[in-house]
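Have a look at the structure below before the remarks.
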Amino acid sequence: MASAGPKSTQYLIEQARRVASASLGLLFPPRCVVCGRVGALLCTECIAAFASIPKPCCPVCGEPQIHTGLCPKCREQRRAFDSIQSAFLFTGGIRKAIHAFKYQRQRDLAQPLVSAMMRVLPDPHRENILVCSVPLHPRREKERGYNQATLLAGELARAWGLPLAASDTLQRTRETESQVGLDFPTRQANVGDAFWGNQAVVGGRSILLVDDVCTTGATLHACAVALREAGAVHIQAVTLARAT
Ligand SMILES: [Zn+2]
Ligand SMILES: [Zn+2]
């Protein structure tokens, strides 16, 4: 199947897991992963305090800068994506929440994180669109038990009423070194040719590409190259946070 609707098996499994998790929540009330307050996994005060992205931003890669117009990197090199929009600056509370979401198995954070994200991001371009997430290498996904970007993409697709791509639509074909601490050219070389897009699914379509954090945009660029090669006509990337 090319794409999975909101009532797919994956969705039903996720709903069943959520019901089980909610029942557990009655016995062990959730605590905010940022401030520790009892009541919700992410409290409204902490969400309200998430840092917004300084303006102006580059209209293509979304990098905050002093002047309006394209940033030096986008002037120098044409990006494979059309735009990147991030909801928050990767610092303080959102940084702590993303850490819990990725490394402390707090997968139920996907829903509150996405509702916070949607309050900030503009409505996406909708024509012939497919929601797709940045894939992890299968080995890393198995270790973690889930791909945080896929959980975000699933919640976004559901909330925006958009079709969600099946997990084999965009694949990571080789493992890459961690991007932490690498500069932009090294990051780009590190993730180049690491992705493959399924032409039968993405050909002629607009893609809403979802990831948790964008740092230099090198990973999103590499994914967009693969999606373009597979025939995607428009690629809009959205991320929860932006590291600068
Ligand atoms: Zn809190
Ligand atoms: Zn730029």
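Every number here is computed from the coordinates shown, using simple stated rules; none is lab data. Not measured: the values here are computed from a predicted model. FYI the Cβ positions are ideal-geometry reconstructions off the backbone, even for glycines, and counts take in every protein chain you see.
Observations, loosely collected:
- Global geometry of segment 27-74, whether rounded, prolate or oblate, following the gyration tensor of its Cα atoms and the 1.5 cut on a/c: prolate
- Within segment 159-244, percent of DSSP bridges classed antiparallel, to nearest 5: 25
- FRET efficiency for residue 70 and residue 16, using Cβ-Cβ distance with R0 set to 41 Å, rounded to 0.05: 0.30
- Distance from the alpha carbon centroid of segment 165-236 to that of segment 31-76 works out to 21 angstrom.
- Charged-residue dipole, Cβ positions (Lys, Arg, Asp, Glu), segment 52-242 about Cα centre, Debye nearest 20: 300
- Relative contact order of segment 52-242, defined on C-alpha pairs under 8 angstrom at six or more residues apart (%): 27
- Of 136, 98, 207, farthest towards positive along the dipole that unit charges on Lys, Arg, Asp, Glu beta carbons give the chain: 98
- Comparing mean-square fluctuations of 64, 29, 163 from a GNM of the chain with C-alpha springs under 10 Å, the top value falls on 29.
- Estimated 222 nm signal from helices in the chain, with DSSP H stretches of n ≥ 4 weighted -39500 (n - 2.57), rounded to 500: -11500 deg cm²/dmol
- For segment 143-193, a simple Cβ point-charge model (Lys and Arg +1, Asp and Glu -1, everything else neutral) yields a dipole of about 140 debye relative to the Cα centre.
- Positive-end ranking of 161, 231, 49 along the dipole of the chain, with charges on Cβ about the Cα centre, is headed by 49.
- Stretched out straight at 0.36 nm per residue, the stretch from residue 174 to residue 8 would grow longer than its current Cα-Cα span by 57.0 nm.
- For residue 146 and residue 82, the difference between the fully extended length at 0.36 nm per residue and the C-alpha to C-alpha distance is 20.3 nm.
- For the chain, built as a Gaussian network whose Cα springs stay under 10 Å, the top-fluctuating residue of 84, 207, 47: 47
- Only Lys, Arg, Asp and Glu carry charge here, each on its Cβ (+1 for the first two, -1 for the last two); on that basis segment 58-102 has a dipole of about 180 debye about its Cα centre.
- The chain - convex hull of alpha carbons, volume per residue in Å³: 124
- Only beta bridges with both residues in the chain are counted; by DSSP, about 30 percent of them are antiparallel.
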